[in-house]
Each structure stands twice: as C-alpha cells, then as structure tokens.
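The values are calculated or read from the model by the stated rules, or taken from the named source; none is laboratory data. Computed from a prediction, not measured in an experiment: that's the story for all the values here. Using ideal geometry, Cβ is built from the backbone for each residue, glycine included, and neighbour counts are taken over all protein chains shown. Surface areas here come from the heavy atoms of the whole protein model, side chains and all, with no ligands, DNA or RNA. Shrake-Rupley method; radii C 1.70, N 1.55, O 1.52, S 1.80 Å.
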Amino acid sequence: MAKITYDGIEIEVPDGTTIMNAARQLGGKLAPPAMCYYTPLKGSGGKCRACLVRVAAGSAKDPRPMPKLVASCITPVQDGMVVENTTSQQVLDVRKGIVEMLLINHPLDCPVCDQAGECDLQNFAFEHGISTTRYEEERRTFDKVDIGPLIQLHMTRCILCYRCVYTADQLTDGRVHGVLGRGDASEIGTYIENVIDNDFSGNVIDVCPVGALTDKTFRFKQRVWLTKPVDAHRDCTHEKCGGRVTLWYKGNDVLRVTARKDENGEVKEWICNECRFDKKETSDWVIDGPAHIDRSSVVSANHYELPVLNQQVIADMPESTMRELAQNPPLKLGGLNG
Amino acid sequence: MGRKLLTEHINVEGIDTFDVYRKHGGYRSVEKAIKTMTPDEVVEEVKKSGLRGRGGAGFPTGMKWSFLAKPEGVPRYLVCNADESEPGTFKDRQLMTKLPHLLIEGMITSSYALGARTSYIYIRGELLYVLRILEKAVAEAYAAGFLGKNILGSGYDLDLHIHPGAGAYICGEETALLESLEGKRGNPRNKPPFPAVSGLYARPTVVNNVESIAAVPVIVNEGGNEYAKIGIGKSTGTKLISACGHVKNPGIYEIEMGVPVEEFIYSDEYCGGIWKGRELKAVVAGGSSVPILPKDLILKTAAGEPRLMTYESLSDGGFVTGTMLGSGGFIAMDETTCIVKNTWNFSRFYHHESCGQCSPCREGTGWLEKVLHRLEHGHGQMHDIDLIVNVAKQIEGNTICPLGEAAAWPVTAAVRHFRDEFEWHVTHPHEATRPGAVYHGGLVLA
Ligand SMILES: Cc1cc2nc3c(=O)[nH]c(=O)nc-3n(C[C@H](O)[C@H](O)[C@H](O)COP(=O)(O)O)c2cc1C
Ligand code: SF4
Ligand code: SF4
Ligand code: SF4
Ligand code: FES
C-alpha cells in the first residue's frame, strides 16, 4: 500500500495505482480531467496531457519534486508522494493551455454536433478553459466519411485520443482503422475506404470523447439532453455481449442504444452491434429503470443532476450565467416521461 | 592539430573494406575485449572514459550501460541510433559511409559488454546507399568470424541486423525508434519505463548514437583513463562536428573537446572563417533544436570568457545567454541571414515532423509555424511576437517526448536574442518582404 497526499487529502491505495485512479477513489469530481485515458483500454493514456499534475514530493524516500508536470493517468503513486491538482496554479495554467491547443483546430460546431451535451471536450473546455481564442489562422478541416453503414467519422472533430484504435485492437479481430499521417495532419482512417464491419465496432462510438465517431442511426435525431436515458437488458445471444445497455428515449421511441457508463464516463460493459443498432423497440428490452447520469457540464443542466462546479469555474463565470443558474436551478432527472 | 580518434584513417583508400580496415588496426578492440576482459570490465572502461552520448542529450554512456537491467534468462539488446535527421547534423552519415567497419566493431565490442546477442542498427531510410555499405561490411564481418556464432572461439554469439526507417525524424527519438523497429507506427512511448528496463520487445535495451558506439573501440584499446585525458572537465574525448551554413569550409571535423568556438570558426584548420568576407551574425551550435546565439554570445560567454566547444561551456549561462553542444550540428549564419525566416524554416520542420500524439506538440507546432509564416511574410502584428513565445512555453515541458522542446527552444531563443528583427518585420512589412532585404544590427541591408 502507498499513502499519498492529493490536493491536501490523504489517501491510501495499493502499490502500482496511478495518480488518476487514486484521485478517482476520492470521487470523480476531484480527479484530473481525462481526454484520452480510458480504464478498460490497455495502453491508453498519456497523450492528451489534460491530466497533467504537479508532483510536489516524489516519495517518502526521495521527497524531491518532479521536474516536470506528469500525466496522472499513467504515473504510478509512490508511498509519501504529494500531488497537486487544482491546488497548483501551474497545473491550472497548463490545463488552460491544453484546452486552447485542443480547440485551435476544433470546429466548435456544437450546435449541429450529436455529441453536444455529452462531450468530454465541451466539459473540459467549460471547466478549465478560457472563453476567448488567440488563434487567427485557418482551421484544419477534413471531409466527413462513412465508415460502413452504421458509423460516421467526422475527423475535423477528432482529438486523436487513440481510444477507438485501442478499442478496435482489443475488442475485435483484426483492426481495420488506425491513425494515418503525422502531426496535425494525422487522421483516423481506414486507408482505403473500408467498412469497419465486425460485431463490436459500435463501441468506438461510445469511447470517442467527442463527436468524431457518431452513430449514423441516431444522427441529427435529437439533442441528447432532450432524451431520457433508461437502463435495460435483454438476453443477447452474442457470447461476448451481456446485453446490458442504456436506451435513450424521446417520448415512447428509442432513439439510440449505448453501453452503460460509470461515474467517470467510461463504458462498464461492451455491447454488440445487434443490441446497439438493431434493437430499437421497447419490446426488445426488459427495462431496469432510469439511468443515473452524473455530469458536470451545464450543457447537461436541462436534465441531469445539479452540476458541481469547482471554485475556479465559479470565480470565472460571467455574472449573467450565475444569475441564470440561480433562477433556474437545473432539474433533477425525473421518471420516464418526466 | 588535435588527435583524431575516430577519423584517423578515414581517407585511406579502401578503408571501407574489411581487409584494409583490419590492416589499420581494425577489430583489435573486439579481440581485446572478448579474449582478455569480462563484460563488466568493458563497461568500467567506458565509465572511466567519461564518454557522453553523442546523439544530443550528452548522457554518460557508461552510466547508461550500467543501468541496463539484467534479469536471468531474458535477452537484452543493443540498438544503434543511426536515424540522424536533425537539420544541421550529418556526422553519422559520413562515419558510416567511410568507416562502416568502425561502427560494426563498436557494435560488437559494446554488445559483448552489455551481454546482447542480437543487436540492431536502425538507419535513416533516406540513407539507402549507406545501408548497402553497412550490409556489405556486416557480411564481411560475418565471413571473418567477428559476427555470428562463437566469435573468435570464445563461445560468444552475436547477430547484427540493419533496419531502415521510412523517413521520419521522430524515429530518431529512442522509444519511437524502438516502436518502429518492432514494426509499428513510430510514436514515442511514455516513460517510464525506460528502455534500460523495457525497451525493444519489452526487453532491457540500450540505445546509443552511431558516434557514441564508434568511440568504444578506441576506449577499449587505449583505456578509459587515456581517453578521458583529452578534453576539459566532463567533456572528454573527441567530437565530430558537422559544420554548415556560411562558413568557408563546411564539412565534418573531429575536434578535441575544448577547442574555442572562435578558433573553430575562424582557423584554417577548421571552418576557415565566414565565406565571401562577410560577418558572422549568429550560430546554432548543436543541431536545429538548440537555442540560437548571436555572434557576441557564441564567441564569448556572458561573463566574457571565451566560449569553448564543450558541453559545459556552450551551456554556460543556461538558456538566457547560452545554448547546447547537442548533436554537434554547427550552423553558422552570416549577416545576410534573416533570423525570422530561419526560425520559420525550423518551425516548419518540427511541424512537419511532430508525430501528433500529444496535443501541445501536435497543435502547437502548427500554430508556431503559421504565425511565423505570417511574421516572415509581412502579415504579423506586434502581439504575435509574444504569442509565439507563449505558445512555445505551452509546449515546452508538457509533452511525451523532447520533440516538443526541440520545437519550442529555437523560437524562444530567436525572439530572446533577435526581438528587434521580429519587430522590424511587423513595422516594415514592405521592406521585410523585399527580396534580399535583411535587418541586421539596427541596419537594413539591401
Ligand atoms: C525528436 C528526437 C530526434 C532524435 N534523433 C536522434 C537521432 O537521429 N540520432 C540519435 O543518435 N539520437 C537522436 N535522438 C536522441 C535519442 O532519443 C537518444 O537520446 C540517443 O539516441 C541516445 O544515444 P546516446 O546516449 O549515444 O546519445 C533524438 C531525440 C529526439 C527527441
Ligand atoms: S465534439 Fe464536442 S466540442 Fe466539438 S463540436 Fe461536438 S459537441 Fe462541440
Ligand atoms: S475518432 Fe474519437 S475516439 Fe478515435 S481518436 Fe478521434 S477522438 Fe479519439
Ligand atoms: S512531443 Fe510531439 S513528437 Fe513527441 S510524442 Fe508528443 S506529439 Fe509526438
Ligand atoms: S488522460 Fe492523461 S494524458 Fe490524456
């Protein structure tokens, strides 16, 4: 076991635990933001640099601070380590910089983006970024491509977190897509226009933190915050699929089916394409009850639980937003038709 | 004349063949090491020599070797980094072209020291003709019994493979190199774990630059202490410097560590001064990623001491008034050089070569290039100058691999030392874009 101090809070975790996972044990809200790390995906993390934290003391044995900020998602704790997340101004400043970097070439077409409302980049930018841009250059764009009949790739929105690549590597036999090209010309692609066609390909949609990989059967049907998430299950015949899903309702219609996610926004169990794309009738499912969605973005304010905002955000929030929030406290999630 | 430890026989006719190389004392270090020394004794000599990695970072080679993990029953590897792609650096290419057997001899002696039974030379893909030279030399070494099974009857086996890259600067970063060697996309790995613990195929691995490995035979032959007598302080031995830009005699020079920069630029033994009778304006002393210095600071430190060609002297003053020896890519610029244009050009390179894995480098390198392009072409504004410094700072220290810093340092250093030139581009956009017009020392040269 290793005892660490994280933003002034002491916690004991098994050796080998990463700083990120130690912090998550304190509650998701206190943990550093993660744009690329994804617990179920081996090898993920270390890329987006959103989760950089300061290690003020390396360990009890060697209490020197680490010279650079470290990626908390891949850095294991040491006994006696002292970690600063929001208690370090340097961390907050660097994080602002990371938001800026992720946004300079991002289209910010949230109003027409299916991910809006459940987008990690929106949340990250809202909580940690600044609302102006210093970028005056032309933004990088790509054409949209259909990768098969069920999934659309909107590369312009991709933040190159590699999650979909790891998903395909680890979940399916024979990955057919990957990162092509280099630097800011890198793109997710299938090299020759290829179909991502296997029973579990739909999971790349769920792991994508942004609206780069979207469910074509749901495209433009509804803003997510106007749909009602309901947990359901069925006896799926696919051996690797547990058939436990979240159905997203508008009225009595199931608009889409996704995997269930935990409090950190990570998929709990992968689901097969049949459950995701072909079972869109209530009669296909046994309903378990409303899904518990716990999000911190105001984009979800219409529906989800009261957002918990960190002090920094409240301090930076425009007065008009504060007033609005005070007058219209976000409603708690109601029942099926609430 | 300084001593030439690596290049003494470089101009001997046929030195690229096994027989001629052998006649000139080649492969003695292999015999000496394998027949008379234990592997640890070889490591000890390299430690004593004070040899520091010649690939850029200057990490002590002996120390790196002693960090290599040696779990029972697990193979370990030596990988030679011959990806040399940093603008201004072209010493390894010359060494491999002219003296292929020196590198192979170094690989055998070093592999023996590390207990590696399979070793690799990862060579830059553009150097296909050098690959052919090396392949021929390797075949000769196998035929002569210096590679393969039971080398010199000692029971020590070694296979040496040469693997070409596919044209990516990033594959010179040691962990990207290992990924590429494994047949994957050349993305740098997160560290730790370091290669010494988990490198090629997740096995303990040492990665060394061509020139570092080429220095091992002479260290073994003459002894580490003897090697360490050359040079000053922690900069021991000799160093290959590839001199280019506006010098009279560009080329590759093997210098004893400690030669004054002024002597290196102006003496006829080395660069022979600045070409066309012009004046020196600035120097990038160690490959495109190290900070540029104006003439006065490259010739003398801020304290007024003569600047020497050593790790310590070149970095005297930190990044405020100093730079780095880096890989030894020495780029001299005369007064007709536009620093803004040069900085943009370097930025363009790093933008093109970023692997794109981590957001600050992927996005930041492109941003830097675009703003520098505008500045150079007369479309910049005053606040753009602070913007590029700030963007560079946002990259620096926050990335997976040091390419982030390599992209940031040239920009911050150029603005630090030549801010007036950047400002002139903003205030005089028409003049700045006039062909041939260059701002230098407060004057505009037509
Ligand atoms: C972007 C980048 C490119 C590099 N390119 C090279 C190279 O071409 N050759 C080289 O020897 N080292 C290169 N390096 C340094 C290597 O990562 C590594 O430090 C070196 O090969 C170690 O050898 P040494 O200890 O003998 O210097 C590069 C580093 C970075 C970050
Ligand atoms: S991916 Fe997120 S931030 Fe980007 S346009 Fe869609 S909702 Fe907006
Ligand atoms: S498409 Fe989505 S999941 Fe894949 S790399 Fe891009 S942002 Fe990540
Ligand atoms: S710093 Fe640049 S080159 Fe290095 S891993 Fe990150 S994106 Fe790739
Ligand atoms: S979540 Fe840690 S680097 Fe992306």
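Residues that are touching a residue at least 40 places away in the same chain (Cβ under 8 Å) and of a type in the set (D, E) within segment A:1-32 comprise A:D7, A:D15, listed in sequence order. Within segment B:314-334, the set of residues being more than 19 Å from B:Y350 (Cα to Cα) and open to solvent by 20 Å² or more (accessible area, probe 1.4 Å) comprises B:S315, B:D316, B:G317, B:G318, B:F319, B:V320, B:T321.
If the condition is being touching a Ser or Thr at 6+ places or on another chain (Cβ under 7 Å) and either among the small types (G, A, S) or in a helix (DSSP H, G or I) (or both), then segment A:200-215 contributes A:S201, A:N203, A:V204, A:I205, A:D206, A:V207. Going by the structure shown, is B:E179 within 16 Å of ligand 4 (Cβ to nearest atom), of a type outside the set (G, A, S) and crowded, with 21+ Cβ neighbours inside 10 Å? Here the answer is no, as B:E179 does not meet what is asked. So, A:R95, is that one open to solvent by 50 Å² or more (accessible area, probe 1.4 Å) and modelled with pLDDT of 95 or more or not? When the stated conditions are applied, A:R95 does not pass them.
Among the listed residues A:M81, A:M20, which satisfies the condition of being open to solvent by less than 60 Å² (accessible area, probe 1.4 Å) and farther than 27 Å from A:Y162 by Cα? Within the list A:M81, A:M20, the selection yields A:M81.
Looking at the structure I just gave you, is A:S201 within 14 Å of chain B (Cβ to nearest Cβ) and open to solvent by less than 10 Å² (accessible area, probe 1.4 Å)? No; evaluated as a whole, the condition is false for this residue. Listed by first and then second residue, the pairs with beta-carbon distance under 8 Å, at least 6 apart or on different chains, first residue in segment A:205-223 and closer than 18 Å to A:C275 by Cβ and more than 16 Å from ligand 5 (Cβ to nearest atom), second among the charged types (D, E, K, R) and part of a loop (DSSP other than H, G, I, E, B), are A:T214/A:D114; A:D215/A:D114; A:T217/A:K280; A:F218/A:D114. Considering B:T97, B:T109, B:T89, the condition of being modelled with pLDDT of 95 or more and either out of contact with any helix residue (DSSP H, G or I) (no Cβ under 8 Å at 6 or more places or on another chain) or assigned to a strand (DSSP E or B) (or both) is satisfied by B:T89 alone. For segment B:378-413, the candidate set comprises residues that are closer than 27 Å to A:C36 by Cα and small (G, A, S); within that set, the residue that is nearest to ligand 1 (Cβ to nearest atom) is B:A406.
For the condition touching a residue at least 24 places away in the same chain (Cβ under 8 Å) and either open to solvent by 20 Å² or more (accessible area, probe 1.4 Å) or within 14 Å of another protein chain (Cβ to nearest Cβ) (or both), A:A60 does not qualify.
Scanning segment A:129-165 for residues that are at pLDDT below 90 and within 21 Å of the chain's Cα centre (by Cα), we see that the one that is farthest from A:A50 (Cα to Cα) is A:S131. Exactly one residue among A:N85, A:N105 is in contact (Cβ under 8 Å) with a residue 12 or more places away in the chain and facing another protein chain (nearest Cβ under 10 Å), and that residue is A:N105.
Suppose the filter is open to solvent by 10 Å² or more (accessible area, probe 1.4 Å) and either in a strand (DSSP E or B) or at pLDDT 95 or above (or both); does A:W248 pass it? Yes.
So is B:A202 over 30 Å from B:I298 (Cα atoms) and of a type in the set (A, V, I, L, M) or not? So B:A202 fits the description; yes.
Residues are listed down the side, and each one gets a yes or a no for (1) assigned by TED's automatic domain parsing to the domain that holds B:V206; (2) modelled with pLDDT under 95; (3) of a type in the set (S, T, N, Q):
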residue	(1), (2), (3)
B:I10	no, no, no
B:R22	yes, no, no
B:Y27	yes, no, no
B:T38	yes, no, yes
B:V43	yes, no, no
B:K47	yes, no, no
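All conditions but one from (1) within 22 Å of A:G129 (Cβ to Cβ); (2) within 13 Å of chain B (Cβ to nearest Cβ) apply to A:P67; the one that does not is (1). Criterion first (modelled with pLDDT of 55 or more and out of contact with any Asp or Glu (no Cβ under 6 Å at 6 or more places or on another chain)) does A:C272 satisfy it? Taking the combined requirement at face value, the residue does not satisfy it. Scanning segment B:351-369 turns up no residue that is open to solvent by less than 10 Å² (accessible area, probe 1.4 Å), more than 10 Å from chain A (Cβ to nearest Cβ) and farther than 19 Å from A:I104 by Cα. Looking across segment B:136-159, the residues that are outside any loop (DSSP other than H, G, I, E, B) and farther than 12 Å from B:H101 by Cβ come down to B:Y142, B:A143, B:G148, B:I151, B:L152, B:G153, B:L158, B:D159. Residues in segment B:162-176 that are at pLDDT below 95 and either within 16 Å of ligand 2 (Cβ to nearest atom) or among the hydroxyl-bearing types (S, T, Y) (or both): none. Scanning segment B:170-221 for residues that are within 12 Å of another protein chain (Cβ to nearest Cβ) and either near ligand 1 (Cβ under 9 Å from one of its atoms) or of a type in the set (S, T, Y) (or both) yields B:I170, B:C171, B:T175, B:A176, B:P188. Screening A:R95 on (1) more than 8 Å from chain B (Cβ to nearest Cβ); (2) farther than 30 Å from B:V371 by Cα shows it passes everything except condition (2). Within segment A:228-261, which residues are small (G, A, S) and in contact with a helix residue (DSSP H, G or I) (Cβ under 7 Å, 6 or more places away or on another chain)? Answer for segment A:228-261, where residues must be small (G, A, S) and in contact with a helix residue (DSSP H, G or I) (Cβ under 7 Å, 6 or more places away or on another chain): A:G243, A:A259. Comparison of A:V82, A:V13, A:V70 shows that the only residue that is over 22 Å from B:P402 (Cα atoms) and either within 16 Å of ligand 4 (Cβ to nearest atom) or in contact with a helix residue (DSSP H, G or I) (Cβ under 9 Å, 6 or more places away or on another chain) (or both) is A:V13. Would you check if there is a residue in segment B:306-327 being over 18 Å from A:S186 (Cα atoms), within 14 Å of another protein chain (Cβ to nearest Cβ), in a helix (DSSP H, G or I) and free of Cβ contacts under 8 Å to residues at least 60 places away in the same chain? The answer is no; no qualifying residue exists.
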